[in-house]
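*Asks:* Below is a structure I'd like to ask you about.
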Amino acid sequence: MKIVETEQELRACYPVMKELRPHLASEQAFVEQMLRQREQHYRILAKWDGAEVVALAGYRLQENTVYGRFLYVDDLVAAPAHRCRRWGALLLSQLTVLAQQAGCTRLHPAGAGYGAGECAGAALLFPRRAATGRYALR
């Protein structure tokens, strides 16, 4: 598992991201958008099998007066051939570590991903605060 850094790695992420975001027009448009979003502190954490991305999470570290520092998960998806293998749980577990290392007090999932967490047993790994949808980090 690694944080995507190069344009070549972004291109490898495109087929998986397109599963979640079918409106993405082209690989080149995706790469350009990801480079713009990188300026807004957006990153992709990807699980690889050789040269193939099998699952990914798009996230950003943010801070505001309501929550302080937190990690926001924009995207969570697994490739169709790699679903129901707990990639969502694995990615979220690694994001928890990254959030804690960055001094975050919460992890905010944007909503249900596609394929990465749709199977039984791939539940979120954080104690949920009642009715808020946010997860406190210990």
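*Asks:* What helices (runs of 4 or more DSSP H), lying completely within segment 1-108, carry at least 3 residues that are surrounded by fewer than 19 Cβ atoms within 10 Å (Cβ to Cβ) and among the charged types (D, E, K, R)?
*Replies:* Answer list for segment 1-108: 7-20, 27-38.
*Asks:* Could you tell me which residue of segment 79-114 is nearest to M34 (Cα to Cα), considering only residues that are touching a Lys or Arg at 6+ places or on another chain (Cβ under 7 Å) and among the hydrophobic types (A, V, I, L, M, F, W, C)?
*Replies:* The residue in question is L91.
*Asks:* Scan segment 105-120 and tell me whether some residue there is over 14 Å from the mean Cα position of the chain (by Cα), modelled with pLDDT of 50 or more and at positive phi.
*Replies:* Scanning segment 105-120 turns up no residue that is over 14 Å from the mean Cα position of the chain (by Cα), modelled with pLDDT of 50 or more and at positive phi.
*Asks:* In segment 51-101, how many residues are at pLDDT below 95 and closer than 18 Å to E7 by Cα?
*Replies:* Qualifying residue count, segment 51-101: 1.
*Asks:* Another question, then. Select from segment 25-41 the residues that are in contact with a helix residue (DSSP H, G or I) (Cβ under 7 Å, 6 or more places away or on another chain) and under 21 Å from A99 (Cβ atoms) and list them in ascending order.
*Replies:* If the condition is that a residue be in contact with a helix residue (DSSP H, G or I) (Cβ under 7 Å, 6 or more places away or on another chain) and under 21 Å from A99 (Cβ atoms), then M34 is the only one that fits.
The values are calculated or read from the model by the stated rules, or taken from the named source; none is laboratory data. Since we're looking at a predicted model, the values are computed, not measured. Please note: Cβ atoms are built from the backbone with ideal geometry, for glycine as well, and neighbour counts cover all protein chains shown.
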